[in-house]
Amino acid sequence: MDGKRDTILFKLFGSSVSYMRRCLFSVLSVGPVPNHLAFILDGNRRYAKKWNLGEGMGYRAGFLSLMSLIKYCYELGVKYVSIYAFSIDNFRRRPEEVQCVMDLMLEKIEGLLREQTLVNQYGVRVYFIGNLKLLHEPVRLAAEKAMKATSNNNNSILLICVAYTSTDEIAHAAQESCEDKWALIRSSVNEENDANDVIKLSDIESHMYMRVAPDPDILVRTSGETRLSNFLLWQTSNSLLFSPKALWPEIGLRHLVWAVLNFQRAHPYLERRRKQP
Amino acid sequence: MAVVPLRLHLSFTSSPRHATRPTLGLMLPSHIPRSFFSSADKPATALGPPGKDAILNGTPPAYYAGEDIVALPAGLRRELMPRHLAVIMDGNRRWARMRGLPVVSGYEAGARAFRRIVELCCNWGIRVLTVFAFSSENWFRPKVETDFLMGLFERGLRDELRHLMRAGVRISIIGDISKLLKPLQVLLADAMDTTINNSRLHLIIAVNYSGQNDVVQACQKLAVKVKDGLIEPEEINESLVERELETNCTDFPHPDLLIRTSGELRISNFLLWQLAYTELYFADSLWPDFGEDEFLEALCSFQRRQRRYGGQNS
């Protein structure tokens with residue numbers, strides 16, 4: 001009897017918190033809402049050390065925060081969310097640590113494919129962005145499967161950057177642009193076609209992994225570090241940079257609200273810049 | 001976005017308050033520690049008479065400490081000083097507007113701040129200083145303003161080249177200077193040639209620069225190499241792209257620290273590729289108010305940071 005009452009109370013509490021959050025988001029939505037938010041998930045290992053958690057538990061705590069935050073973003077009306085899950089530089093960490101992260105990723109991707117709760121609730125299309133050939137085989141296969149399984153969703157987009165660095169993305173785009181131009185030149189009938197031989201900005205952009213999304217409006221990096229760490233260098237040129245001191249597993253609704261408020265304050269200036277030819 | 005003309009009448013005024021107070025040409029502010037001078041403590045006359053503009057401005061000409069090691073202020077450790085510092089000099093116009101002054105006064109004040117920072121970099125052993133003088137997006141400002149700025153830039157560089165030579169400062173320009181007027185282009189090329197052997201401080205001035213365009217021009221150069229059969233398209237990788245960027249004029253193309261003033265939290269298309277692992281510092285003060293104290297605070301903040309480059313904890 002008591003147990004049933006506690007569950008009902010718990011559910012009531014949960015619903016009222018959820019209701020208040022939706023009210024807060026309605027107020028925020030009066031102003032401009034960012035279209036694309038990018039996150040650097042920094043501080044998981046420090047969190048584990050801080051709370052004396054076991055090896056790898058920091059990442060699991062980080063995953064829980066990630067789920068809440070993605071949910072808040074989509075509730076608010078943000079269409080694109082990008083996360084820096086694993087950098088090419090992170091492969092240089094201890095093999096056990098790398099394996100731990102790969103195992104967690106595989107577990108979560110397979111969970112996503114099985115249950116599809118978040119994906120179905122918000123109509124999320126998932127992209128895995130990066131040099132996927134560098135991933136362990138099972139993870140890569142699961143990632144490709146997830147991308148295919150969610151390819152019909154178009155409400156919201158989740159871009160998970162794994163085996164990614166911006167310099168690798170740009171070099172890869174340069175390589176592909178050169179290959180395309182080279183193929184074009186060789187097959188071209190008109191030999192003096194110099195104007196089309198030159199690689200342009202649009203050529204590079206059309207070969208970037210991140211071409212499926214517009215540029216981020218806000219880049220959030222947790223744990224107080226203010227550096228880009230080779231994430232979306234090309235795309236964040238005019239993004240608002242926000243670096244709360246909280247570690248990634250400690251990130252909450254208040255950080256998201258603060259980031260959005262700052263974005264709304266800077267928005268008129270950014271719009272003027274965007275409208276310049 | 002700040003546009004700062006190169007009026008390098010460097011002085012030992014360490015704060016903006018002193019910059020506006022007229023001082024006699026050869027009198028030095030007493031609060032400046034003697035270690036900022038060369039060990040021989042040569043007076044101004046040994047380096048030649050102060051320039052006309054220096055006297056009219058009320059600012060003494062520059063003294064550089066030669067090749068001597070200058071003592072760093074308390075709180076800074078020499079081994080943790082950034083090798084390459086990048087600066088976005090933002091806030092000149094806002095500074096002028098806040099004081100009810102015309103915009104050009106803001107640029108003048110910005111130039112004084114720029115002098116201070118170049119001088120501090122020379123004294124504190126920073127090897128490379130890259131400044132975002134003019135972005136390719138700044139052309140959208142009123143023509144009167146941009147013309148005036150280009151004129152100031154030209155005059156400032158002409159006046160200061162001698163001092164820079166004496167101080168051992170090497171100048172490089174990055175960005176597309178073909179849009180600038182011919183006399184300025186010739187002057188810039190001449191400045192780069194004249195100072196090429198200097199090694200105390202490498203001053204890289206980004207004029208009409210855009211980080212994205214830098215990467216595109218690097219890719220274009222690689223495409224030409226592919227066309228000429230020097231490399232295969234499959235061989236294009238990160239190091240090949242990096243070698244073609246405009247910052248290949250220095251051995252340290254990656255800034256360790258980027259300082260942006262006026263509280264704006266953006267990169268604004270500056271050094272895109274090169275900022276991959278750069279520590280970012282956003283100062284609230286406007287550029288003309290960015291003096292030694294603020295610079296010291298930025299450097300202290302940099303020295304406290306833990307740089308892991310994605311790998312293990314140190």
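The values are calculated or read from the model by the stated rules, or taken from the named source; none is laboratory data. Small disclaimer: the values here were computed from a predicted structure and weren't measured. We place every Cβ from the backbone using ideal geometry, glycine too, and count neighbours over all the protein chains shown.
In table form, for the structure just shown:
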item: Counted residues, the stretch B:228-243 - those being surrounded by 13 or more Cβ atoms within 10 Å (Cβ to Cβ) and more than 7 Å from every other protein chain (Cβ to nearest Cβ); result: 5
item: The stretch B:253-275 - residue that is surrounded by fewer than 23 Cβ atoms within 10 Å (Cβ to Cβ) and in contact with a helix residue (DSSP H, G or I) (Cβ under 6 Å, 6 or more places away or on another chain) and, of those, farthest from B:Leu299 (Cα to Cα); result: B:Asn269
item: Residues being within 14 Å of chain B (Cβ to nearest Cβ) and not basic (Lys, Arg) - total across the stretch A:73-99; result: 12
item: Those residues of the stretch B:99-111 which are surrounded by fewer than 24 Cβ atoms within 10 Å (Cβ to Cβ) and not small (Gly, Ala, Ser), in sequence order; result: B:Arg99, B:Leu101, B:Pro102, B:Val103, B:Val104, B:Glu108
item: Filter result (on the phi > 0 side of the Ramachandran plot and surrounded by fewer than 17 Cβ atoms within 10 Å (Cβ to Cβ)) within the stretch B:67-98; result: B:Gly75
item: Search result, residues across the stretch B:255-288 that are at the interface with chain A (Cβ under 7 Å from one of its Cβ atoms) and farther than 22 Å from A:Ala266 by Cα; result: B:Trp273, B:Leu275, B:Ala276, B:Tyr277, B:Thr278, B:Glu279
item: Unmet requirement for A:Phe86, which otherwise passes all of (1) outside any helix (DSSP H, G or I); (2) free of Cβ contacts under 8 Å to residues at least 40 places away in the same chain; result: (2)
item: First in the stretch A:13-41 and farther than 15 Å from A:Ile70 by Cβ, second anywhere and at pLDDT below 90, Cβ under 8 Å, 6 or more apart; result: A:Gly31/A:His267; A:Pro32/A:His267
item: Test: residue in the stretch A:44-56 that is part of a helix (DSSP H, G or I) and either away from chain B (no Cβ under 14 Å) or under 20 Å from the mean Cα position of the chain (by Cα) (or both); result: yes
item: Residue in the stretch B:244-251 that is within 11 Å of chain A (Cβ to nearest Cβ), modelled with pLDDT of 90 or more and over 16 Å from the mean Cα position of the chain (by Cα) present; result: yes
item: Selected residue (criterion: surrounded by the fewest Cβ atoms within 10 Å (Cβ to Cβ)) from residues of the stretch A:226-256 that are touching a strand residue (DSSP E or B) at 6+ places or on another chain (Cβ under 8 Å), over 16 Å from A:Thr165 (Cα atoms) and within 14 Å of another protein chain (Cβ to nearest Cβ); result: A:Thr226
item: Enumeration of residues in the stretch A:56-71 that are crowded, with 20+ Cβ neighbours inside 10 Å and closer than 18 Å to A:Leu219 by Cα; result: A:Gly62, A:Ser65, A:Leu66, A:Leu69, A:Ile70
item: Of all residues making up the stretch B:110-147, the number that are more than 30 Å from B:Arg77 (Cα to Cα) and hydrophobic (A, V, I, L, M, F, W, C); result: 4
item: The listed residue being at pLDDT 90 or above, crowded, with 18+ Cβ neighbours inside 10 Å and facing chain B (nearest Cβ under 10 Å), out of A:Ala213, A:Ala171; result: A:Ala171
item: Only one of A:Asn154, A:Asn131 that is in contact (Cβ under 8 Å) with a residue 12 or more places away in the chain, surrounded by fewer than 17 Cβ atoms within 10 Å (Cβ to Cβ) and touching a Ser or Thr at 6+ places or on another chain (Cβ under 9 Å); result: A:Asn131
item: Those residues of the stretch B:112-150 which are among the hydrophobic types (A, V, I, L, M, F, W, C), within 14 Å of chain A (Cβ to nearest Cβ), part of a helix (DSSP H, G or I) and in contact (Cβ under 8 Å) with a residue 12 or more places away in the chain, in sequence order; result: B:Trp139
item: Residue in the stretch A:226-236 that is within 21 Å of A:Ser29 (Cβ to Cβ) and charged (D, E, K, R) present; result: no
item: When residues of the stretch A:88-122 are limited to those that are under 22 Å from A:Asn44 (Cα atoms) and polar (S, T, N, Q), the one surrounded by the fewest Cβ atoms within 10 Å (Cβ to Cβ); result: A:Gln99
item: Candidates B:Asp147, B:Asp176, filtered to the one that is out of contact with any helix residue (DSSP H, G or I) (no Cβ under 6 Å at 6 or more places or on another chain) and closer than 25 Å to B:Arg127 by Cα; result: B:Asp176
item: Positions within the stretch B:289-301 being within 12 Å of another protein chain (Cβ to nearest Cβ) and either in contact (Cβ under 8 Å) with a residue 40 or more places away in the chain or of a type in the set (A, V, I, L, M) (or both), in sequence order; result: B:Ala298
item: Residue match in the stretch B:213-220 (condition: within 14 Å of another protein chain (Cβ to nearest Cβ), of a type in the set (S, T, N, Q) and buried (at least 20 other Cβ atoms within 10 Å of the Cβ)); result: yes
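The rows are residues; the columns are (1) within 21 Å of B:Arg305 (Cα to Cα); (2) among the basic types (Lys, Arg); (3) at pLDDT below 85.
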| position | (1), (2), (3) |
| --- | --- |
| B:Met81 | yes, no, no |
| B:Met89 | no, no, no |
| B:Trp95 | no, no, no |
| B:Ala113 | no, no, no |
| B:Glu119 | no, no, no |
| B:Ile126 | yes, no, no |
| B:Asn138 | no, no, yes |
| B:Arg141 | no, yes, yes |
| B:Val144 | no, no, yes |
